[in-house]
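Every number here is computed from the coordinates shown, using simple stated rules; none is lab data. Not measured: the values here are computed from a predicted model. Reconstructed Cβ throughout: ideal geometry from the backbone, glycine too, with neighbour counts over all protein chains shown.
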Ligand code: ADE
């Protein structure tokens with residue numbers, strides 16, 4: 001997989017070379033190039049923003065440098081990449097989205113800052129490549145850089161050969177292969193720590209009982225923390241109550 005990242009803060013992406021993602025790059029499983037958007041400005045101050053038409057607070061990113069940046073990346077590519085624009089007004093970025101992105105050969109990330117990028121940039125980009133505007137969650141970051149770091153980590157670890165034991169991708173929270181429930185609690189040695197013991201079922205050596213306990217814990221956690229992930233059927237107890245009424 002190839003990733004191109006356009007940003008006014010290239011230094012944000014130095015940590016990508018650490019840990020698993022850096023190892024994946026060294027192994028030739030992924031490569032990325034970080035581009036400074038200001039390279040495509042032509043004034044003395046290397047201006048990338050201006051005041052918003054219609055008034056209002058803050059500044060908007062000018063379209064021209066973005067257009068030239070995309071021209072340069074497209075000019076070097078055999079086929080158009082998929083443009084990924086992190087924005088709080090995008091579709092939710094989920095594990096399923098990470099899997100979709102992991103299947104693509106080339107991603108181009110556009111990191112917005114200030115009040116966002118002039119809307120014509122995405123409108124024009126849609127005429128030349130697939131575009132995905134994605135949100136990490138219902139909160140506002142100062143720019144797209146931190147979102148791109150998170151997206152890349154979520155995507156690159158799904159590439160074949162990046163995570164040593166692929167089974168660990170199956171059981172984790174939000175796994176597309178699993179039920180989409182949150183992951184069960186995990187324990188390691190020592191058996192007893194500060195008065196807290198590892199649940200005895202995990203010591204039983206009985207795989208069926210361990211699996212059943214974990215499924216129950218996953219479901220309980222999901223109900224308590226993320227009921228939105230469960231189908232719309234009410235819990236069994238409620239069905240019982242309704243039938244009694
Ligand atoms: N940029 C600013 N806020 C963001 C968010 N919540 N998700 C993705 N990109 C963003």
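Under a 10 Å cutoff between Cα atoms, tell me which one of 62, 189, 23 has the largest fluctuation in the Gaussian network model of the chain.
Among 62, 189, 23, the largest GNM mean-square fluctuation belongs to 189.
Say each of residue 31 and residue 219 gets a label point 7 Å from the Cα, pointing the same way as Cα to Cβ; how far apart are those two points in nm?
Here the modelled spin labels are 4.9 nm apart.
Under 1.5 on a/c is rounded, so check that first for the range 59-148, then, if it is not, pick prolate when a/b is larger than b/c and oblate when it is not; a ≥ b ≥ c are the square roots of the alpha carbon gyration tensor eigenvalues.
oblate
Could you check which residue among 31, 78, 50 shows the biggest mean-square fluctuation in a GNM of the chain with a 10 Å Cα cutoff?
So, out of 31, 78, 50, the one fluctuating most is 78.
Can you give the angle from 0 to 90° between the axis of helix 145-156 and the longest principal axis of the chain, with both taken from C-alpha atoms, to the nearest 10?
The angle comes out near 60 degrees.
Kindly express, to the nearest 10 degrees and within the range 0 to 90, the angle between helix 63-76's C-alpha long axis and the longest C-alpha principal axis of the chain.
The helix 63-76 is inclined about 80 degrees to the chain.
For a test of the definition: using alpha carbon positions, the gyration tensor, and the 1.5 limit on a/c, classify the chain as rounded, prolate or oblate.
It is prolate, given that a/c is not under 1.5 and a/b is the larger ratio.
Grab the DSSP H runs of the chain that are 4 residues or longer, score each as -39,500 (n - 2.57), total them, divide by all residues and round the 222 nm result to the nearest 500 deg cm²/dmol.
Counting only the DSSP helices, I get -9500 deg cm²/dmol.
Going by C-beta contacts inside 10 Å, put 8, 117 in order with the fewest on the left.
8, 117
What fraction of the DSSP beta bridges in the chain is antiparallel, stated in percent and rounded to the nearest 5?
Approximately 15 percent, going by the DSSP bridge assignments.
Given 0.36 nm per residue, what is the gain on full extension from residue 126 to residue 43 after removing their alpha carbon distance, in nm?
Once the chain is fully extended between residue 126 and residue 43, it gains 27.1 nm.
Hey, what angle do you get for helix 207-225 against the long axis of the chain, alpha-carbon based, 0 to 90 degrees rounded to 10?
Value to nearest ten degrees: 60.
Only residues of the range 114-131 count here: report those whose backbone N is under 14 Å from the spot 7 Å along Cα→Cβ of residue 82, or say none.
Within reach of a label on residue 82, which here means backbone N under 14 Å from a point 7 Å along Cα→Cβ, the range 114-131 contributes 129-131.
Mind running the shape call on the range 109-186? Use the C-alpha gyration tensor, a ≥ b ≥ c as the square roots of the eigenvalues: rounded below 1.5 for a/c, prolate if a/b tops b/c, oblate otherwise.
prolate
Comparing 209, 95, 217, which has the greatest mean-square fluctuation in the GNM of the chain with Cα pairs linked when under 10 Å apart?
With Cα springs under 10 Å in the chain, the top fluctuation among 209, 95, 217 is at 209.
Just to verify a number: FRET efficiency for residue 71 and residue 179, C-beta to C-beta distance, R0 = 41 Å, to 0.05?
0.40
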